[in-house]
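The next block holds one structure in the form of structure tokens; read it before the comments.
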Amino acid sequence: MLIRYRRSEDGKPVAKAIVYTEAEHRIDKSRIDPDALRIIERLRENGHEAYVVGGAVRDLLLDRRPKDFDIVTDAEPPRIRRIFRNARVIGRRFRLVHVYAGPKIFEVSTFRSIAKGTVGNEYGTMDEDALRRDFTLNALYYDPLEAVLIDYVGGFKDMAAKRITPVIPLATIFKEDPVRMIRCVKYASTSSFRIPFMTKLAIKRDSDLLADASSSRLTEEFLKILGSAKAETIVRGLSDFDLLRHMLPAAAARLARDGALRRALFRDLAELDAYAADPSREKRLSLLLSHFLKAFLESADGLVADTPEAYQEAVVQARLLLAPLNPPRVELEAAVLVVFKKLGVSPLQKPRRSSGAERSRGERHGGEHRPGERRGEEGRHLRGVEKKQAAAESEGARRDDLPSDSAPGEATRKRKRRRKPSQARAAGGDSGAEGAEKGGASAKSPRKSGEKPASKQASSSPRREGKGLEPAPGMGESSSAKRRRRRRKSGSGGASSGGAPSGDSPSQ
């Protein structure tokens, strides 16, 4: 056994904590979760203290395998978040960090101070953190790397004596947090520890404070009780200390009036404990709740019936029975359905009963599909065919918009080359004048049905460069280009009418 010291105000060494070695505490290090061990190692590598604390240390000392491992450190939540990328900071008042390792979640908290009492949220030192714990058996710190147990409040001796001793004074421990009364009874029931006489008096004195406790925390404690494999003993203890009346008022009132219901409930809770103690069984919340609700729903007259309405009414009654607790709605509905099935009723799985007329129509059709069903199938088939046809037509229209010997980009460019209406009229006038000079009658003759105008034929004909095809006169020309072409045309016409120049005349 080792002793940790601290300096007093006058500089003298004062014993601060007792450090128990592996030979003294006899904790099997192999029972530490490997992922929890890696989290502690990572915190140590980054210059921080880290220990396993709380219920995990209590279970290890009782030679049990812990369900979860809570870790405490001097690193603050933002620092923990930077060290572990697979972590998330939770909580608004008490900020904690959840570190994820596959499907497992490890809760990492920071040392708290007692500067503002045991419910404050100030960060502090390890010895202050120990003094704000509820009971001494929860104030033990285990270092898995050095295999030592650190005890600031005498918790190791209290566990050896099987005694539950509060760390906080009895005058304030339950007033600051009434849920601690439930936890005290739970620890006594699950560990076979005794509660000191003065602590019992304090619980009975402050039991009324439980009615004002947070419903979410009460729900959390109740669900832990159902899965503890000690539910019968804990519920009996809560009833003996008059805590069940404030935790579950409606259920406690019915238990007080009906002795047969009380016996049936504890019988079902004993079956629940045997079920929860088997590690191979599934621990779904709905299955745990069903064991608690079964006796209450079965004892109600006419509540369990083979109708959906009876099932809905049973869900409402179960919600009222558990008030002010608020378990998840989906799990509560599933728990009521489990109870109905245990009693041989399945209200949500009833087959559809057909009427007499429908049965006669089915017989006339020789057991085949009824006409309405046949029409429904044919309608679905026709709708599918129509959708396919519409898709094929739209695809064909899209392909028809493109020339067969050109790519989509060429078709876009050809559409851009089409003349404006004003240009088409000017080009048409020029071609008409030109045709009149040449004596062509096609410009003035009416076109046949289905025949395109010359301008449209020129514009619609594909223009292929390098193939000897020239565009129609005036096609795509600007106004200045048209004027130049007209001047050249008029100049050539004048020369032809006037003959050759005088210098070149043959008569000379």
From Ala115, Ala101, which residue is among the small types (Gly, Ala, Ser) and over 23 Å from the mean Cα position of the chain (by Cα)?
Ala115
Output the residues belonging to segment 305-320 that are closer than 26 Å to Arg245 by Cα and either surrounded by 19 or more Cβ atoms within 10 Å (Cβ to Cβ) or among the β-branched types (Val, Ile, Thr) (or both).
Ala314, Val315, Val316, Ala318
Any residue at all in segment 118-125 that is on the phi > 0 side of the Ramachandran plot, surrounded by fewer than 17 Cβ atoms within 10 Å (Cβ to Cβ) and not aromatic (Phe, Trp, Tyr)?
no
For Leu218, work out the one condition from (1) of a type outside the set (D, E, K, R); (2) over 17 Å from Leu321 (Cα atoms); (3) crowded, with 19+ Cβ neighbours inside 10 Å it doesn't fulfil.
(2)
Identify all residues within segment 108-117 that are within 20 Å of Asp74 (Cβ to Cβ) and surrounded by fewer than 16 Cβ atoms within 10 Å (Cβ to Cβ); write none if there are none.
Ala115, Lys116
Does any residue of segment 3-17 turn out to be assigned to a helix (DSSP H, G or I) and among the basic types (Lys, Arg)?
no
Which condition number in (1) without any contact (Cβ under 8 Å) to a residue 12 or more places away in the chain; (2) under 13 Å from Ala335 (Cα atoms) is the one that His291 fails?
(1)
Which of the residues belonging to segment 1-14 are farther than 17 Å from Ala147 by Cβ and under 49 Å from the mean Cα position of the chain (by Cα)?
Ile3, Tyr5, Arg6
Going through segment 307-331 one residue at a time, which ones are under 16 Å from Leu287 (Cα atoms) and not in a helix (DSSP H, G or I)?
Pro327, Pro328
How do the strands (runs of 3 or more DSSP E) wholly within segment 34-116 filter down when requiring 1 or more residues that are hydrophobic (A, V, I, L, M, F, W, C) and in contact (Cβ under 8 Å) with a residue 24 or more places away in the chain: which remain?
50-53, 70-73, 96-101, 104-110
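Residues checked against (1) within 30 Å of the chain's Cα centre (by Cα); (2) modelled with pLDDT under 90:
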residue: Lys16; (1), (2): no, yes
residue: Ile27; (1), (2): no, no
residue: Ala36; (1), (2): yes, no
residue: Ile39; (1), (2): yes, no
residue: Arg58; (1), (2): no, no
Options Lys157, Lys204; residue that is assigned by TED's automatic domain parsing to the domain that holds Ala36 and more than 37 Å from the chain's Cα centre (by Cα)
Lys157
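The values are calculated or read from the model by the stated rules, or taken from the named source; none is laboratory data. What you are looking at is a predicted structure, and each value in this text was computed from that prediction instead of being measured. Don't worry about glycine lacking a Cβ; one is built from the backbone with ideal geometry, like all the others, and counts go over all protein chains shown.
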